[in-house]
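To keep things clear, I will list the structure first and then write my remarks on it.
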Amino acid sequence: MSIRDRLSGNEAIATAMRQINPDVFAMFPITPSTEIPQYFAQYVADGKVDTEFICVESEHSSMSACMGAEAAGCRAVTATSSAGLSFMNEVLYVAASSRLPIVLAVSCRALTGPININHDYSDSMAERDSGFIQLYGENNQEVYDNYLMAHRIAEHPDVRLPLMVCEDGFITSHAIENIEIEEDDKVKAFVGEYKPENYLLKEENPLAVGPYGVSNYYMEAHVAQAHAMMNAKKVILEVAADFEKTFGRKYGFFEEYRMEDAEIAMVIMGSSAGTAKAAVDELRESGVKAGLIKLRVFRPFPGEEIAQALKNCKAVAVMDKSEGFSACGGPLYAETCGACFNLETRPKMVDIVFGLGGRDFTVEAAKSVYDRLGKIAAGGEIGDIYTHMGQREK
């Protein structure tokens, strides 16, 4: 039976970690994810887990330690944010190419340049092509649930890829919400024990992990990773179906909010979706056929499914909480636009970069996006496809 509680996103992740009881937690603190190892260190001190808790000298080292632990056959976890995730960059690619199913909690925070500790997705989006699966949560409940599903997805024999569980720094990481926590024994039964087929300490089948990839093998290794990422789509849905059967909460690649007859729609991620849903509800009351797609799974990108969900819309705004510096738009727009390219009839589509460095996103701001979409849908000019929203004017 679910237990009602009030937890921040960071504590929800730490609680999920405690319930799973990983073999190794390699930690290095960085705002706003520091509370995750802080909570977990208390669980270690109180004897609630028997995890090997390792304090290392950097984020690069924390991911490296997780790699060593996973290669040896252990279930390993860590957490980070912003520049810490960037400092892991080299090792993220090595972990993914070595097919080590590390689960990394990311409290998403703007990358330095200029220095900023508030939320956007510039850190996680910078690592979108590292080979990690990426799950994003709108609220603390979804963050907790994503973490409970993470190990089963990452460790599946058809996948064996590392995974990021992403939450919004400070907005969900530190805000306290009512959520449902599952009983420890039921979580352990759902997640199961980690039983890798091959690992360094297996005497029957000695192997190397992370060898030099000469030209004869490098491409084949990456093709194998690519197929594993494709396989992850099926596994994500299978694990979500079992999660719904076990705990009653339903998840997919994305949530379709009031999309059944939507003529104009927004594609958005994370906590901003809650704000946009409020705008959709107000617009529906006044007769506007507005809808919303809230993306939960960014890697693997569910392009075919999103295209089908948007195909009957007249106009769509893709909301990027990360600047791609491509001069054409942000990363979510590039993926969504590409997914819809081959539709026989496709919506007119614009990209709006918003919320950088923690800039506010309000219900009125969301309604102004739908107002623009309404004019486009009515036959008006699209105007600039790539724009920014919320910044002070010159």
How do the pairs read when you match residues in the range 365-385 that are closer than 15 Å to S272 by Cα with residues anywhere that are of a type in the set (S, T, N, Q), using Cβ under 7 Å and keeping only pairs 6 or more apart or on different chains?
A366/T275
Checklist (1) surrounded by 13 or more Cβ atoms within 10 Å (Cβ to Cβ); (2) farther than 22 Å from G131 by Cα applied to Y199, failing item:
(2)
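Say we look at the range 17-47 and pick out the residues that are in a helix (DSSP H, G or I) and within 20 Å of the chain's Cα centre (by Cα); which of these is farthest from A110 (Cα to Cα)?
Checked the range 17-47; the qualifying residue farthest from A110 (Cα to Cα) is I20.
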Residues of the range 309-333 satisfying the condition of being in a helix (DSSP H, G or I) and under 17 Å from the mean Cα position of the chain (by Cα)
P331, L332, Y333
Quick one: which strands (runs of 3 or more DSSP E) lie wholly within the range 224-303 and hold at least 2 residues that are surrounded by 21 or more Cβ atoms within 10 Å (Cβ to Cβ) and under 16 Å from the mean Cα position of the chain (by Cα)?
264-269, 290-295, 297-299
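Quick one: which residue in R6, R75, R18 is surrounded by fewer than 16 Cβ atoms within 10 Å (Cβ to Cβ), at pLDDT 95 or above and among the charged types (D, E, K, R)?
That would be R6, the only listed residue that is surrounded by fewer than 16 Cβ atoms within 10 Å (Cβ to Cβ), at pLDDT 95 or above and among the charged types (D, E, K, R).
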Going by the structure shown, is Y194 on the phi < 0 side of the Ramachandran plot, at pLDDT below 95, among the hydroxyl-bearing types (S, T, Y) and assigned to a loop (DSSP other than H, G, I, E, B)?
no
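Quick check on the range 167-209: of everything there that is of a type in the set (K, R) and under 27 Å from the mean Cα position of the chain (by Cα), which residue is nearest to N21 (Cα to Cα)?
Across the range 167-209, the extreme among qualifying residues is K188.
For (1) assigned by TED's automatic domain parsing to the domain that holds M259; (2) within 27 Å of G169 (Cα to Cα); (3) touching a helix residue (DSSP H, G or I) at 6+ places or on another chain (Cβ under 9 Å), each residue gets a yes or a no:
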position	(1), (2), (3)
F301	yes, yes, yes
E305	yes, no, yes
Q308	yes, no, no
A315	yes, no, yes
S322	yes, yes, yes
L332	yes, yes, yes
G338	yes, no, yes
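The values are calculated or read from the model by the stated rules, or taken from the named source; none is laboratory data. Just so we're clear, the structure is a prediction, and the values are computed from it rather than from any experiment. Ideal geometry is used to build each Cβ from the backbone, glycine not excepted, and the neighbour counts take in all protein chains shown.
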